[in-house]
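Notes follow once the structure below has been shown.
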Amino acid sequence: MSVDDSEQERTIRTGEHATRVRGPKVLVAGASIAGPALAHWLRRRGAEATVVERAPELRPGGQAVDARGVAREVIRRMGLDATVRAACTDTAGAHTVDADGKVLETFRADDDGGDGFIADIEILRGDLSQVLYDDTRDGVEYVFGDRIAELAQDADGVDVLFAGGDRRHFDLVIGADGLHSELRAMVFGPHERFLHHLGHMLAFYSVPNEFGLDRWLLEYQDHESGRSALLRPIQDAARAMAMFYLPSPDFDVDHRDVAAQKRLLRERMAGLGWLVPDILAHLDDTPDFYLDQVAQVVMDRWSSGRVALLGDAAFSSSPMSGQGTGLALVGAYVLAGELAAADWDPEAGFARYEARMRSFVEANQEIGRMNARSRDVPGADAEPQPDFTSAWFTDLVGRAINGVELPEYGGLPDSATSAGSPIPSSNKP
């Protein structure tokens, strides 16, 4: 796993003199979206990036994720706009339907300049992860099938013990390991302190496209029970992605116990109607089942010493916001930029990262909470339904999509090869 120091040097020129200096060594936990996106910008800013992922390889499939507003601009600055768009689902829009399949409402991908209900850029999580990995694999060290077991930090850096037995020293450690972040629990405290359940759960998995989907997403909502089912097209026209939302006042199933999750889904979705029985018939043979609570991560601080958090690990806005991927991409850009602008001083860099991102995150989390509340089952004790037609909500959406400045970070290293020569990765998929 070790890397020869000479492979990760960069040249700083002052006048006629050239000095070879090492970039800071940064360990990133998590290789979904936030982690590889951060690795891209760390490499371009002159740092050595190592990404550790507990899974043995990249995870395929997953739900469709969106890029709106400033997130699209980050993708453009990464030089990945064409590549990302080529991997998109090419969804034309969405229809809400009744139990008989009759169309009730239609939303198009070009509504609101591509920032509407169906975004201009919609891509499966696994496909975006693959794009980001392919972009960074030759300048970033990836370690699959391992994880951080212990760490200890002081003024000189962070000593890390990996579950596989290796010990290494890093200048900074960033947790981009998702809603159930192990690094967050290790450094900041138990999950219960930061995880806020929004009263729903979400499941999705791929199924054969025996439903005649052709570029249009279908959603059926049963307002009396608060349950809904969706089918959406993906690039592989022979398959489709199925999704279920359902109320769940509590969530007591292990997020890694797939068999228990499938039993729970069958029980909770029984009798819903529409195409649900046909979708559930494929539950046992799907290769990419996922179920979890709809939750947010709310923290007073996203850093502690030389350790910081990014993406869902720091500020999950929940799938109900539609902005989790945007927050991850924008956060990665800002975090790497602010660290480099602070000459890699963690206290200053992390503080600037949080100052730039905090209101942007809060706007997206508010939208997530409102959307979750709109799916609550009506009742005497239910909170009033949000008013999505108000000027206040329109302003909130604007802040959630574009409400963060993206500095140019002029004068900083900014080259796709600034991190030096390609380095080997462990267990590349």
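The values are calculated or read from the model by the stated rules, or taken from the named source; none is laboratory data. Predicted, not measured: the structure shown is a model, and the values here were computed from it. A quick note on method: Cβ atoms are made from the backbone with ideal geometry, for glycine too, and the neighbour counts reach across all protein chains shown. Surface accessibility is based on the protein's heavy atoms, side chains included, excluding ligands, DNA and RNA. Shrake-Rupley method; radii C 1.70, N 1.55, O 1.52, S 1.80 Å.
Lys and Arg at +1, Asp and Glu at -1: add these up for the other residues within a Cβ distance under 11 Å of Gln293 and post the number.
-3
With +1 on each Lys and Arg Cβ and -1 on each Asp and Glu Cβ, and nothing else charged, work out how big the dipole of segment 106-157 is about its Cα centre, in Debye to the nearest 20.
Dipole of segment 106-157, to the nearest 20 debye: 220 debye.
How much space per residue, in cubic angstrom, does the convex hull of the C-alpha atoms of segment 97-202 take up?
213 Å³
Show me the GluC sites (Glu not before Pro) within segment 165-264 that DSSP assigns to loop and that have at most 11 other Cβ atoms within 10 Å of their Cβ.
Glu224
Got a sec to turn the phi values of segment 333-341 into Karplus ³J(HN,Hα) couplings, 6.51 cos²θ - 1.76 cosθ + 1.60 with θ = phi - 60°, whole Hz, x for Gly and Pro?
Residue by residue, segment 333-341 yields 4, 5, 4, 5, x, 6, 5, 5, 5 Hz.
Starting from the amide H of His200, placed 1.01 Å from N in the peptide plane, find each other amide H under 5 Å away whose residue is 5 or more places distant or on another chain.
Correct list: Ser248, Val294.
Using 0.36 nm per residue of separation minus the Cα-Cα distance, give me the extension gain between Val377 and Asp257 in nm, one decimal.
Residue separation times 0.36 nm, minus the Cα-Cα distance, leaves 40.5 nm.
Could you grab the Rg to Rh ratio for segment 286-396? Cα atoms only, Kirkwood for Rh. All intermediate terms of the calculation are to be shown ahead of the outcome.
Numbers: Rg = 16.8 Å, Rh = 15.7 Å.
Taking Rg over the Kirkwood Rh, I get 1.07.
Excluding Asp343 itself, calculate the net charge of residues whose Cβ lies under 13 Å from the Cβ of Asp343, where each Lys or Arg counts +1 and each Asp or Glu counts -1. Please report the intermediate quantities before stating the final value.
Values: positive: Arg45, Arg352; negative: Asp171, Glu338, Asp345, Glu347.
Combined, the nearby Lys, Arg, Asp and Glu give -2.
Tell me which label goes with the value of Cα Rg over 2.2 N^0.38 Å computed from the coordinates here: (1) 1.05; (2) 0.99; (3) 0.90.
Step by step, Cα Rg over 2.2 N^0.38 Å for this structure corresponds to label (2).
For the chain, give the share of DSSP beta bridges that are antiparallel, in percent and rounded to the nearest 5; count only bridges with both residues there.
On the way: 56 of 78 bridges.
In the chain, DSSP labels about 70 percent of beta bridges as antiparallel.
Towards the positive end of the charge dipole of segment 64-133, with charges on Cβ (+1 Lys, Arg; -1 Asp, Glu), say which of Ala71, His95, Gly116 has the farthest Cα.
Ala71
For segment 90-98, what does the Karplus curve 6.51 cos²θ - 1.76 cosθ + 1.60, with θ = phi - 60°, yield as ³J(HN,Hα) per residue in whole Hz, taken in order and with x for Gly and Pro?
Taking θ as phi minus 60°, the curve returns 6, 7, 7, x, 9, 10, 8, 10, 8 Hz for segment 90-98.
Taking all protein chains together and a probe of 1.4 Å, list Asp66, Asp300, Asp134 from the most accessible to the least accessible.
Details: Asp66 20, Asp300 140, Asp134 75 Å².
Order by accessible area, largest first: Asp300, Asp134, Asp66.
Roughly how many debye, to the nearest 20, is the charge dipole of the chain about its Cα centre, given +1 on each Lys and Arg Cβ, -1 on each Asp and Glu Cβ, and no other charges?
Rounded to the nearest 20 debye, it is 520 debye.
Quick one: dipole size for segment 53-104, taken about the Cα centre, charges +1 on Lys/Arg Cβ and -1 on Asp/Glu Cβ, in debye to the nearest 20.
About 240 debye.
Quick one: compute the contact order of the chain, relative version, from alpha carbon pairs under 8 angstrom and 6+ residues apart, as a percent.
23 percent
Which value in nm describes the separation of the simple spin-label points at Phe107 and Ser359, placed 7 Å from the Cα toward the beta carbon?
Those two pseudo-labels are separated by 2.6 nm.
Return the long-range amide H neighbours of Val51 (sequence gap of 5 or more, or a different chain), with a cut-off of under 5 Å between placed amide H atoms.
Val28, Glu141, Tyr142, Val143
Could you check how many percent of all C-alpha pairs in segment 32-80 are farther apart than 12 Å?
72 percent
Please tell me the relative contact order of segment 198-339 in percent, rounded to the nearest whole number, where contacts are Cα pairs under 8 Å and at least six residues apart.
Over segment 198-339, the number comes to 24 percent.
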